[in-house]
């Protein structure tokens with residue numbers, strides 16, 4: 001996909017987003033072009049499965065360091081498909097570079113490497129992703145559904161999912177209490 005400006009940035013859900021699946025969500029845009037966009041929600045923990053349980057299902061031996069790897073719900077599209085969003089210190093052959101800041105890998109090899117202690121230093125596992133058709137994301141931004149700002153690894157890989165929405169807004173100098181579900185245009 002050819003870059004169209006939002007790749008590697010955060011999308012921050014506005015109070016009037018209109019879709020409960022994205023209430024207080026922060027999404028990292030992984031790809032964006034005139035053909036559409038793809039991103040991962042970074043602050044919705046998957047409560048139904050742990051990383052060790054995922055490794056067991058894939059018949060990959062676990063170790064003491066794997067249990068701290070968080071699993072998130074990356075979005076409603078292909079929820080059975082897994083992605084590893086990670087730091088650029090690990091770059092497999094199939095890793096997608098995200099704006100020179102992060103990498104995205106969707107193969108099981110990275111899970112084996114993580115289990116052996118050879119994976120990326122910072123990582124987040126996401127089940128599913130968020131996708132937009134051509135022009136859809138731009139329209140949602142115009143309709144006051146999303147704010148956009150630069151991404152930060154501290155927010156992505158931080159432990160507290162509850163604080164990520166506020167942290168992303170604070171990065172823009174916005175207090176959540178000042179946001180309104182209603183938007184207008186000048």
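The values are calculated or read from the model by the stated rules, or taken from the named source; none is laboratory data. Only a predicted model underlies this, so the values are computations on that prediction, with no experimental measurement involved. For neighbour counting, all protein chains shown are included, and Cβ atoms are generated from backbone atoms with ideal geometry for every residue, glycine included.
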With criteria (1) more than 20 Å from residue 22 (Cβ to Cβ); (2) out of contact with any strand residue (DSSP E or B) (no Cβ under 8 Å at 6 or more places or on another chain); (3) surrounded by fewer than 17 Cβ atoms within 10 Å (Cβ to Cβ), residue 142 comes up short on (1)
Restricted to region 170-179 and to residues being closer than 13 Å to residue 150 by Cβ and touching a residue at least 12 places away in the same chain (Cβ under 8 Å), the residue surrounded by the most Cβ atoms within 10 Å (Cβ to Cβ) is 171
Of the residues in region 1-23, those that are on the phi > 0 side of the Ramachandran plot and at pLDDT 95 or above come to 8
Residue 51 fails exactly one of (1) crowded, with 20+ Cβ neighbours inside 10 Å; (2) more than 16 Å from residue 159 (Cα to Cα); (3) touching a residue at least 60 places away in the same chain (Cβ under 8 Å); (4) more than 10 Å from the chain's Cα centre (by Cα), namely (2)
If we ask which residues in region 54-78 are at pLDDT below 90, under 24 Å from residue 166 (Cα atoms) and surrounded by fewer than 16 Cβ atoms within 10 Å (Cβ to Cβ), their number turns out to be 1
Check region 89-97 and report whether any residue there is assigned to a strand (DSSP E or B), under 15 Å from the mean Cα position of the chain (by Cα) and touching a residue at least 24 places away in the same chain (Cβ under 8 Å).
yes
Within region 66-81, residues under 12 Å from the mean Cα position of the chain (by Cα) and part of a strand (DSSP E or B) come out as 71, 72, 73
Test: residue in region 147-159 that is at positive phi, in contact (Cβ under 8 Å) with a residue 40 or more places away in the chain and surrounded by fewer than 20 Cβ atoms within 10 Å (Cβ to Cβ): no
Exception for residue 111 within (1) at pLDDT below 90; (2) more than 21 Å from residue 168 (Cα to Cα); (3) touching a helix residue (DSSP H, G or I) at 6+ places or on another chain (Cβ under 8 Å) falls at (1)
